[in-house]
1. Hey, does the range 69-76 have a residue that's outside any helix (DSSP H, G or I) and open to solvent by 10 Å² or more (accessible area, probe 1.4 Å)?
2. Out of the range 311-339, which residues are assigned to a strand (DSSP E or B) and of a type outside the set (F, W, Y)?
3. Which of the numbered conditions does Y264 fail, given that it passes all the others? Conditions: (1) away from the ligand (no atom under 16 Å from the Cβ); (2) touching a residue at least 60 places away in the same chain (Cβ under 8 Å); (3) open to solvent by 10 Å² or more (accessible area, probe 1.4 Å).
4. Check L198 against each of (1) surrounded by fewer than 24 Cβ atoms within 10 Å (Cβ to Cβ); (2) within 16 Å of the chain's Cα centre (by Cα); (3) not β-branched (V, I, T) and name the one condition it does not meet.
5. Can you list residue pairs whose Cβ atoms sit under 9 Å apart, with the first residue in the range 32-45 being at pLDDT 95 or above and the second being in a loop (DSSP other than H, G, I, E, B) and β-branched (V, I, T)? Count only pairs 6 or more apart in sequence or on different chains.
6. Failed condition for I133, given (1) within 18 Å of the chain's Cα centre (by Cα); (2) β-branched (V, I, T); (3) over 28 Å from Y6 (Cα atoms), with all others met?
Amino acid sequence: MITTIYWDQDAVVILDQNELPAQIKYIRCEDYHALVRAIKTLQVRGAPLIGVAAAYGLALAVWTSREESAALEDYYLRVEQDFAASRPTAVNLFWAIRRMRSVFDQCKGQNRAAIARSLLNEADKILAEDLAINQRIGDIGARLFKEKVRVMTICNAGALATGGYGTALGVIRSIHKNGNLQQVWACETRPVLQGARLTVWELSQDQIPVTLITDNMAAYVMSRGEVDAVIVGADRIAVNGDTANKIGTYGLAVLAAYHKIPFYVAAPMSTVDFNMDAGQKIPIEERNHDEVRQIRGMYVTLPEVKVYNPAFDITPGELLTAVVTETGIIRPPFFRTDI
Ligand code: MRU
């Protein structure tokens, strides 16, 4: 399985996902700013992996710092703010920052080197736990399917987007392992093509049968009865099931409902934002307009055309059949505890 991130003597090494599938290129981040940049530019991406990267980044920041005591605390706060400002939608980022903060706070009174070691330890734990969680999500989700299925997905919610195995692609991997996968329909996922570049590559590496379509082909493929389920990942899930995920997910959910195809979100519990009752308040990142004007760096329209480029959309919980988590299959009313 492909390694997306690891610690290597005084640095965090990441797989540069912008180079895939043309080349497998790793980058050494020797200061935390490089990791913040990597998150912003999608070299490291996918909600759980953004959380893992921020955890390693916080450890790296303390590891490479010269500050001690109160100055170290002020510095750590600034580093947290830099990571928090990198991408607003995936709640796993804020979850990881909080988890690292509790380790930092527990280390009060220790010297910088000891704090750095504890933070690095915690980042390693977050990474290892994420892999185990995804394997569990995969196995739980795969139990939903008792016969051969054709599954549609969007973006990349795979090993590349997580600590390994993947969420939506984790379920797909486990269905395949059980012998119940006929094939995957991968939507290309404009503007940045995570489906075409990453999902197709990742599934092909594991010999999982995949067919690529452009995003506007999904309705037609469904109408022909060629999709048995849609499985997607999530960047943030509100208590009522409203789900922020890659732009285009909402459209797929509407189409799935019309064609009576089950629509599943696969995500770790760290993607559920228990402070958010409903999806309207989930911050949606708007990215650089050239992502829409260009494809892989080449203008496909007028360079000055006005553009709107939301990176995510919100699928209403009512369109979800269920959320597959490491704790089990959660059905409506999803995460509400008041009933
Ligand atoms: O902009 P990206 O590539 O970070 O968007 C990723 C997605 O939307 C994924 O579906 C989501 O983060 C879940 S990854 C397991």
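1. As a first pass, look at the range 69-76 and keep what is outside any helix (DSSP H, G or I): none.
There is no residue in the range 69-76 that is outside any helix (DSSP H, G or I) and open to solvent by 10 Å² or more (accessible area, probe 1.4 Å).
2. Residues of the range 311-339 assigned to a strand (DSSP E or B): 312-315, 322-325, 328-330.
Matches in the range 311-339: D313, I314, T315, A322, V323, V324, T325, G328, I329, I330.
3. Unmet for Y264, out of (1) away from the ligand (no atom under 16 Å from the Cβ); (2) touching a residue at least 60 places away in the same chain (Cβ under 8 Å); (3) open to solvent by 10 Å² or more (accessible area, probe 1.4 Å): (1).
4. (1)
5. What qualifies is Y32/T64; L35/V44; A38/V44; L42/V192; V44/T4; R45/V192.
6. (3)
Yes/no per residue for (1) open to solvent by 10 Å² or more (accessible area, probe 1.4 Å); (2) free of Cβ contacts under 8 Å to residues at least 60 places away in the same chain:
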position	(1), (2)
L93	no, yes
V103	yes, yes
K108	yes, yes
D139	yes, yes
G164	no, no
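This table checks each residue for (1) under 23 Å from N121 (Cβ atoms); (2) open to solvent by 10 Å² or more (accessible area, probe 1.4 Å); (3) within 13 Å of the ligand (Cβ to nearest atom); (4) in a loop (DSSP other than H, G, I, E, B).
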site: N18; (1), (2), (3), (4): no, yes, yes, no
site: Q23; (1), (2), (3), (4): no, yes, no, yes
site: L35; (1), (2), (3), (4): yes, no, no, no
site: I39; (1), (2), (3), (4): yes, no, yes, no
site: V44; (1), (2), (3), (4): yes, no, yes, yes
site: P48; (1), (2), (3), (4): yes, yes, yes, no
site: G51; (1), (2), (3), (4): yes, no, yes, no
site: G57; (1), (2), (3), (4): yes, no, no, no
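The values are calculated or read from the model by the stated rules, or taken from the named source; none is laboratory data. In this text, all values refer to a predicted model and were calculated from it rather than measured experimentally. Please note: Cβ atoms are built from the backbone with ideal geometry, for glycine as well, and neighbour counts cover all protein chains shown. When the accessible area is computed, the model is the full protein with side chains, heavy atoms only, and any ligands, DNA or RNA have been set aside. Shrake-Rupley method; radii C 1.70, N 1.55, O 1.52, S 1.80 Å.
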